[in-house]
Amino acid sequence: MMKALLAILLLAASSLHAEQADLCIYEATPGGIAMAVRAAREGLSVVLVNHNAHLGGILSSGLGVWDTLWEGKRSPIYDEARQAIFDHYRTTYGEKSPQYRDALPGKSGHSNGKFEPHVAEAVLTRLVTQEKNITVIRGYYPTSVQREGSVLKSITIRELEGPGEKHITAKIFADCSYEGDLAAVAKVPYRLGREARAEFHEPHAGIIYMAGVKTAPTPEIERAVKLHASLNLRKFSGLQAIKEPESTGEADGNVQAFNYRTPLSSDPANRLPVEKPADYDPEKLKLLEHGSIVAPIPNLKRGWNRPQLVGIHTSYVEADWPGRLKVMDAHWSATMALLYFLQNDPSVDPARQKSWRDYGLAKDEFTDNAHRPYEFYIREARRITGRYIFTQHDAMLAPGLDHAPLHSDSIATTEWYLDTHACTPRHIPGALEEGKMMLDVETFPGQVPYRAILPQGIDNLLVPVCLSSTHVAWGTIRLEPTWMNIAESAAHAAALSIQQNIPPAQLSPDLLLRKLVSQHIMVSFFNDLDVSSGDPRIPAAQYFATKGFFADYNARLDEPLKVSTHAAWLQKFDAPMQRAAAVAAAEKSDSPSSGRTRGEVLAELFKNLP
């Protein structure tokens, strides 16, 4: 009798800790938030789990900048969040205030729109809490899953700082964490570290040393320089060349460096004094890259993007949370020690020392965490092995085209340059840190295939953040605007799948594509289009860009359509790249005009799709 009663009580207790939803998302990163909000607005019930108490990922923890080369609209939730931050500074301080000025993007590559962490957190949290269909669970992480074949049925989550557990059942799951933790618990295959150059024939794969140069080192890069100048993107213009023979291209298990993105204040009323650490060792600190204080963040703050403890960081990825905290603590200790060093050590140039003394931790940031950011900047962790692997080639000019490769199932665009920080502490004379590269002019806007967020082996799990990519290609993916773009598309995939009562892996990519372009989500970059516009020609151009209708990044909707180009549009091809090659040849011909504009014909073709 007592055993039966105990069983009933245990069952009742477990039911109190159970959640059920259409969609369960792990981690309230900006991508996770974009996915949750869009899914909720599409009518889905959503459970959003976050490992700590603060929503917003690195945007709420000091990143301070949007990190995008494209200042236009790209996806509605990202656009809404970005505008809300601009509006905060304009309405709070005034249109002519220095705060609003510092929040707005400038013209140079380094002058992106900026914001304070607590403002980003407030905006992103408000996006979530205003949606009645979202249930937020804070302070938990996944520990196990129940899986039946290719379908996840439920997950178990555990308190990060306690013994509590909860069980979540959902029709669809999504891993929006920076580490890929849910995918790993679900036994999804993944990559960690660097591929060999030979695996995908990526020129910059594996062990590599790069050196800055003044002229293009190859004819291909010289061509890229000219074409890149025509892109309607914020410009970085550095050139680098591979150092041989030291760059062996061998694979290894290292990922790029991590660090805290520490906001520093120069306001005496909001600046904390920097104290000498108990274990202060200036000789060790001299070996670290010091970095510089970047462009202004509103309210007399600046962001600091160093130091990096290259070497110990890779162990963070697969460690348990106590192990991860040790890595984070080591980086934070180095951050505070280096700040003291730069302000006080006699080896530091007096003028530089004086400028650093103007700064300290901001009193009004991370007030419940001793002014230490809640999140660590995880630039790269696990990358799932999906149904397509996005490689360096997907973000560079395709042979014979003035465009990167095309994908008929594109769900988002990349636009940041292939950007990787140091992977090991090795150095050679005349080169950057081993693994570090910034391919400013070689990188072109790419299309992210739906297949890249579909893991192998599980049909109802979407992975918009730690998606399927090589290490080199990761450099153009790993930005919050790009992840928000991808994740909002993933939310539409989830909603369509539930409407059709199928797992996302069985969803028609073309049906998803039509939905995305109709909902003002950028799936292909154009210099001359605003995806937020109500112009019916724009979703048509977006759609057909994935089918090879354009050989460059200019839609030119108002220009006459050549007869030869129209013929290439209507011809049947096995792949979009084949059509794009035919279009490129047609565009170079002296074919007469068809008598209609390009946009007019695209809109008609889109309207008449079966």
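The values are calculated or read from the model by the stated rules, or taken from the named source; none is laboratory data. These figures come from a predicted structure and were not determined experimentally. Don't worry about glycine lacking a Cβ; one is built from the backbone with ideal geometry, like all the others, and counts go over all protein chains shown. Calculation scope for accessible area: heavy atoms of the full protein, side chains included, ligands and nucleic acids excluded. Shrake-Rupley method; radii C 1.70, N 1.55, O 1.52, S 1.80 Å.
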- Message: So for the chain, averaging the separation of alpha carbon pairs under 8 Å that are six or more residues apart and normalising by length, what relative contact order in percent results?
- Response: 17
- The correct ranking of SER97, SER230, SER564, SER237 by accessible area at 1.4 Å, largest first, is SER237, SER230, SER564, SER97
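Okay, helix-only estimate at 222 nm for the chain: each DSSP H run of n ≥ 4 adds -39500 (n - 2.57), divide by all residues, round to 500 deg cm²/dmol; what do you get? Don't skip to the end; give the middle numbers.
Numbers: 18 runs with 196 residues, N = 610.
So the helix-based figure for the chain works out to -9500 deg cm²/dmol.
LYS96 to SER150: FRET efficiency via 1/(1 + (r/R0)^6), r the Cβ-Cβ distance, R0 41 Å, to the nearest 0.05? If you can, show how the numbers build up before the last one.
Numbers: r = 58 Å, r/R0 = 1.40.
With R0 = 41 Å, the Cβ-Cβ based efficiency is 0.10.
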- Task: Can you tell me which of 506-516, 18-28, 202-212 comes out highest on packing, and rank the rest after it, using the mean Cβ neighbours within 10 Å?
- Result: 18-28, 202-212, 506-516
- Message: At 1.002 mPa s and 20 °C, plugging the Kirkwood radius over alpha-carbon pairs of the stretch 267-382 into Stokes-Einstein gives what diffusion coefficient in µm²/s?
- Response: 139
- Query: Hey, can you rank 256-268, 403-415 by average C-beta count inside 10 Å, highest first?
  - Reply: 403-415, 256-268
- Task: Heads up, I need the accessible area for GLU600: 1.4 angstrom probe, whole protein in place, Å², nearest 10.
- Result: 90
- Restricting things to alpha carbons, tell me how big the stretch 358-514 is in terms of Rg and Dmax, in Å. 18.6, 59
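Tell me, what % of the accessible area of the chain is carbon and sulfur with a 1.4 angstrom probe?
Answer for the chain is 55 percent, counting heavy atoms of protein chains only.
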- Note on the structure: One can check that the equivalent ellipsoid of the stretch 191-312, built from the alpha-carbon gyration tensor with semi-axes equal to the square roots of five times its eigenvalues, has lengths in Å, largest first, of 35, 23, 13
- Item | Nonlocal amide H pairs with ILE297, under 5 Å, H built at 1.01 Å | ARG302, GLY303
- Query: Given LYS214/LYS436; LYS214/LYS286; LYS132/LYS301; LYS214/LYS354; LYS284/LYS363; LYS284/LYS326, which pairs have Cα atoms separated by over 26 Å?
  - Reply: LYS214/LYS286; LYS132/LYS301; LYS214/LYS354; LYS284/LYS363
- Message: Quick one: 3J(HN,Hα) in Hz for the stretch 236-246, Karplus 6.51/-1.76/1.60 with θ = phi - 60°, rounded, Gly and Pro as x.
- Response: 10, 10, x, 10, 9, 10, 6, 7, 10, x, 5
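Which order do you get for ASP528, ASP345 if you rank them by accessible area with a 1.4 Å probe, largest at the top? Write down the numbers at each step before the final one.
Values: ASP528 75, ASP345 15 Å².
Putting ASP528, ASP345 in descending order of accessible area: ASP528, ASP345.
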- Message: Can you give me the long-range amide H partners of ALA412? Hydrogens built in the peptide plane at 1.01 Å from N, cutoff under 5 Å, separation of 5 or more residues or another chain.
- Response: VAL448
- Item | FRET efficiency, ASP279 to SER230 (Cβ-Cβ, R0 56 Å, nearest 0.05) | 0.60
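If you place +1 on the Cβ of every Lys and Arg and -1 on the Cβ of every Asp and Glu, how big does the dipole about the Cα centre of the stretch 410-465 come out, in debye to the nearest 20? Walk me through the intermediate numbers first.
Values: 3 positive and 7 negative charges, 31 e Å.
So the magnitude is around 140 debye.
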- Item | Whole-number D in µm² s⁻¹ for the stretch 183-251, Kirkwood Cα-pair radius fed into Stokes-Einstein, 20 °C, 1.002 mPa s | 147
- What's the extension gain from LYS132 to LYS214 if we count 0.36 nm per residue and subtract their Cα-Cα distance? 24.0 nm
- Note on the structure: Taking the alpha-carbon centre of each part, the distance from the stretch 457-479 to the stretch 391-410 in Å is 17
- What is the distance, in nm, between label points placed 7 Å from the Cα along the Cα-to-Cβ direction at ALA18 and at ARG514? 3.9
- Message: Between ASN608 and PHE86, what is the label-point separation in nm under the 7 Å Cα-to-beta-carbon projection?
- Response: 3.9
- Message: Could you tell me how far the Cα centroid of the stretch 304-339 sits from the Cα centroid of the stretch 30-48, in Å?
- Response: 31
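With a 1.4 Å probe and every protein chain left in place, work out the accessible area per residue of the stretch 13-148 in Å², rounded to a whole number. Walk me through the numbers before you get to the answer.
Numbers: 4980 Å² over 136 residues.
In whole numbers, the stretch 13-148 has 37 Å² accessible per residue.
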- Query: How would ASP535, ASP320 line up by accessible area, probe 1.4 Å, largest first?
  - Reply: ASP320, ASP535
- Task: Take the stretch 347-436, drop everything but the C-alpha atoms, weight them equally and run the Debye formula without solvent; then report log10 I(q)/I(0) at 0.12, 0.17 Å⁻¹ to two decimals.
- Result: -0.79, -1.06
- Return the FRET efficiency for the residue pair LYS363, ASP558: r is the Cβ-Cβ distance, R0 is 56 Å, and the value is rounded to the nearest 0.05. 0.55
- Item | Heavy atoms of VAL225 accessible to a 1.4 Å probe, total area in Å² rounded to 10 | 50
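Over the stretch 331-463, give the accessible area per residue in Å² for a 1.4 Å probe, as an integer. Intermediate results must be reported in sequence, preceding the final value.
Numbers: 3900 Å² over 133 residues.
About 29 Å² of surface per residue is accessible.
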- Solvent-accessible surface (1.4 angstrom probe) belonging to ASP402, in square angstrom, nearest 10: 60
- Task: Check the straight Cα-Cα distances from LYS547 and name the lysines below 17 Å, setting aside those fewer than 8 residues away within the same chain.
- Result: LYS515, LYS572, LYS607
- Euclidean distance between Cα centres, the stretch 550-608 to the stretch 54-93, Å: 36
- Over the stretch 487-610, average the accessible area per residue using a 1.4 Å probe and give it in Å², no decimals. 42
